[in-house]
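This report refers to the structure that appears directly beneath it.
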Amino acid sequence: MQKFINKANILVEALPYIKEFNGKIVVIKYGGSAMVDEVIKEKVIEDIVLFKLVGFKPVIVHGGGEEISKTLKAMGMKSEFYNGLRVTTKETAEVVEMVLSGKINNDIVQLIQNHDLNAVGISGKDAKTLKVDKKIVKGKDIGYVGEVKEVDTTLIKSLIANDFIPVIAPIGTDNTGTTYNINADYAASAIAGALEAEKLIFLTDVEGVLKDINDNTSLISVIKTSEVNDYIDKGIISDGMIPKVMCCAYGIDKGVKNVHILDGRVEHSMLLEIFTKNGIGTMFGS
């Protein structure tokens, strides 16, 4: 009997959060190991399905770096990175679009529809949703990599209003119609800001921000964007975590209420973060 009481208590704990976020837009940046491990992948989809069924309005923006690198290798093409971004030639841009807008996007849509919910896959090119400028990194031209300058939310909002879950590939166009690859983190932040999302969730391969990188119990549960630079100066946020955290701050600056970094390798990490008092990741707010 006690185990059933415990389950009931879990549902009761989730109730105020379900009330608070009912009808609110939640943008999920789906990437990392959660896209590769088949068991975790299904758990992520289950979380998204539950969000939808309790009244949230989920929007998915996905990456796909590992699948892109795998495909390029199979085609005899090299993967090159600069400052964490994929150097994208005209040839590799075509492969990137094929993998993101084709295979990965379609796979996510099908997984959601397996749960009898409606989902539609789009890319940022559709209805000119993501308008970009060429991104120059530290004076270096890294090819067909775009920086979002404007988000037209018309198509996304139409899908939400018609009870669809939008699944968005981070591909955009400039004012000449040229196609660009976009870093999925920044695409998700820009989209979440334009939608005035209640939450933006980054599924990553880290627990969150740790005070001590060697101590998993040193997780910082809440960070204000005003504290970010201080954490960087103190070396608490360092190396590859800096661009991730700056992307969180960018999301808040664009109008998102809260941004979360979660370990996507943990089963049902989104439910644990959103529906429990303590959560399991790091939440950023203004």
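Figures for the structure shown
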| item | result |
| --- | --- |
| Counted residues, the range 223-249 - those being under 17 Å from Gly63 (Cβ atoms), touching a residue at least 60 places away in the same chain (Cβ under 8 Å) and crowded, with 20+ Cβ neighbours inside 10 Å | 1 |
| Qualifying residue in the range 150-161 (condition: under 11 Å from the mean Cα position of the chain (by Cα) and either of a type in the set (A, V, I, L, M) or at pLDDT 95 or above (or both)) | no |
| Filtered residues of the range 172-222 (kept if surrounded by fewer than 14 Cβ atoms within 10 Å (Cβ to Cβ), acidic (Asp, Glu) and either touching a Gly at 6+ places or on another chain (Cβ under 7 Å) or at pLDDT 95 or above (or both)) | Glu196, Asp205 |
| Selected residue (only one of Tyr186, Tyr231 is out of contact with any Leu (no Cβ under 9 Å at 6 or more places or on another chain) and under 29 Å from Lys52 (Cβ atoms)) | Tyr186 |
| Total residues in the range 22-44, condition modelled with pLDDT of 90 or more and surrounded by 21 or more Cβ atoms within 10 Å (Cβ to Cβ) | 7 |
| Any hit, the range 2-16, residues being under 22 Å from Asn162 (Cβ atoms), of a type in the set (A, V, I, L, M) and surrounded by 15 or more Cβ atoms within 10 Å (Cβ to Cβ) | no |
| Hey, Ile160 touching a Pro at 6+ places or on another chain (Cβ under 6 Å), closer than 16 Å to Glu196 by Cα and part of a helix (DSSP H, G or I) or not | no |
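The values are calculated or read from the model by the stated rules, or taken from the named source; none is laboratory data. None of these values were measured; they are calculated from a predicted model. Neighbour counts are summed over all protein chains in view; Cβ atoms, including those assigned to glycine, are modelled from backbone coordinates with ideal geometry.
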